[in-house]
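S.K.: What follows is a structure written as structure tokens; I'll ask about it next.
What follows is calculated from the coordinates using simple rules that are stated; it is not laboratory data. Keep in mind that this is a model prediction, so the values were computed, not measured. Please note: Cβ atoms are built from the backbone with ideal geometry, for glycine as well, and neighbour counts cover all protein chains shown.
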Amino acid sequence: MTSNTERILIVDDSSLITKMLRVKFGSMGFDVRTATDGLLALEVIKGWMPDLMISDVMMPNMGGYELCKTLRQSPETANLPIILLTAQSGVTEKVKGFESGADDYVTKPFDFEELEARVRVLLARSQAQKGESAHEKQGGELFACFSPKGGVGTTTIAVNLAVTLTQMWEAKTALIDLALPIGQVAVFMDLRPNFTLGQMAQKETLLDEDFVLQAMLPHNSGVRVLSAPRAPELSELITASLIENLFPILRDNFTFVIVDAGRNFTDAALSILERADRILLPLSPDLASLQATAVTLNTFRELEYDLEKIWPILSWTFSQDALPQKEMERALGVPIQIVLPYDPRTVVQSINRGTPVVMQAGKSAISEALENAAYQLTAENHLGKPRNGEPPVLRRVRKRLVG
Ligand SMILES: Nc1ncnc2c1ncn2[C@@H]1O[C@H](COP(=O)(O)OP(=O)(O)O)[C@@H](O)[C@H]1O
Ligand SMILES: [Mg+2]
């Protein structure tokens, strides 16, 4: 991000100060908003996350110290750079400011150049920290497909996403079947695994990179698959601690890690959902599916998942009497990002043949939609990377979406 798109929130009950700072920072290319007390600032932040906040201390309703403390308690704003504008310059005030979690303070009356210098220092520091944490997290992207209701294309999406991403970005992709108690990825891909997550769980203490990579079965698309245990009673072997040991190895070795996380809130599924960079949440346009998804989203909210990582997918598993999409979005409180068309013939044929939809001969609406979805999910991070030529699936999708 270049500095001229950075957002600054200015909080002060004096409209002279908010106006003046808005004009000055605005003319420097910053995106500036203002609020006249702490409570209103919290309202603004809910819909517009700033890159930095400058706040007065003495304000009605909620003052600067309390505002700082409140922001520090929430994960999204815990590291937001904050500068307090204080009228007093005593040591007690400084200590109070830092204790409340402010990064810096400037005493009133202040010199604009000084304030600007402090703003730039804090923004640069925060950019550097963001870069570092992105770096730490490097390794493959983790996408989890989860549907509390089931029967809405969860496994179809996971399988076809894995195949498409492998080909679109010529990327190493792992597909893990965690849809317990009866995982079906192997059936969808016509694979007969000798080795599954069940055996892996029994060898947990020996989990090292070589072992994990050998255990994954190659599919003719290039995807490497780790199947669910063969029998439901083996499900209990799949613990959160297995996931904690396994997934760092997968992320280190694959560009994409796709998980069919099934429909149950098991410890293992929760461990995946928490780690996932994106949760794909397929639902069909009926009340039962909508209700199950809305409840799931509430649980995600309570667990303080970043709602931006959750992508509901509207999956047309029937053709008539659907709930309107707008109403569904209103009930969910998050937008539907992807729509998959009704195409029972193609989907069922593909399952019966064990050939993923996107690998079937002949194009179908559902295959195009699944390819587009794979692109929508990953283009931002992968388009810029150097590659040799343009794989056919990438060319097709870009032609459809970009023209
Ligand atoms: N786009 C679609 N059009 C029509 N039917 C679909 C579609 N996607 C899925 N289905 C139906 O849903 C069933 C379940 O699909 P599946 O991928 O196994 O979902 P889940 O993993 O959520 O149970 C399929 O057998 C098919 O009948
Ligand atoms: Mg399934």
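S.K.: Once every DSSP H run of n ≥ 4 in the chain is given -39500 (n - 2.57) and the sum is divided by its residues, what mean residue ellipticity at 222 nm do you get, rounded to the nearest 500 deg cm²/dmol?
M.R.: Taking each H run of at least 4 residues, the total per residue is -14000 deg cm²/dmol.
S.K.: So, with +1 on the Cβ of K and R and -1 on the Cβ of D and E, and no other charges, what is the size of the charge dipole of region 188-321 about its Cα centre, to the nearest 20 debye?
M.R.: So the dipole magnitude of region 188-321 works out to roughly 320 debye.
S.K.: Would you order 69, 326 from fewest to most other beta-carbon atoms within 10 Å of each residue's own beta-carbon?
M.R.: Ranked by crowding around the Cβ, least crowded first: 326, 69.
S.K.: May I ask for the percentage of alpha-carbon pairs in region 354-403 that lie more than 16 Å from each other?
M.R.: That tail contains 43 percent of the Cα-Cα pairs.
S.K.: Could you please tell me the mean projected area of the C-alpha convex hull for region 153-229, averaged over all directions and given in square nanometres to one decimal?
M.R.: So the mean shadow area of the Cα hull is 5.1 nm².
S.K.: I want to check the label-to-label distance for residue 360 and residue 320. Put each point 7 Å from Cα in the C-beta direction and report it in nm to one decimal.
M.R.: 2.3
S.K.: Now for a separate question. According to the square roots a ≥ b ≥ c of the eigenvalues of the Cα gyration tensor, what is the shape class of region 3-136, taking rounded for a/c under 1.5, prolate for a/b larger than b/c otherwise, and oblate for the remainder?
M.R.: Cα axes put region 3-136 in the rounded bin.
S.K.: Looking at 332, 228, 344, which one has the Cα that reaches farthest to the positive end of the dipole of region 141-401 (charges on Cβ: Lys, Arg +1; Asp, Glu -1)?
M.R.: 344
S.K.: Can you classify region 1-73 as rounded, prolate or oblate using the Cα gyration tensor, where a ≥ b ≥ c are the square roots of its eigenvalues, rounded means a/c under 1.5, and otherwise it's prolate if a/b beats b/c and oblate if not?
M.R.: oblate
S.K.: Quote the charge dipole size of the chain about the Cα centre in Debye, to the nearest 20; the model charges only the Cβ of Lys and Arg (+1) and of Asp and Glu (-1).
M.R.: About 1220 debye.
S.K.: Given the convex hull of the Cα atoms of region 240-320, what is a quarter of its surface area in nm²?
M.R.: 6.1
S.K.: Remind me, what semi-axes does the chain give for its equivalent ellipsoid, largest first in whole Å, using sqrt of 5 times each Cα gyration tensor eigenvalue?
M.R.: 46, 23, 21
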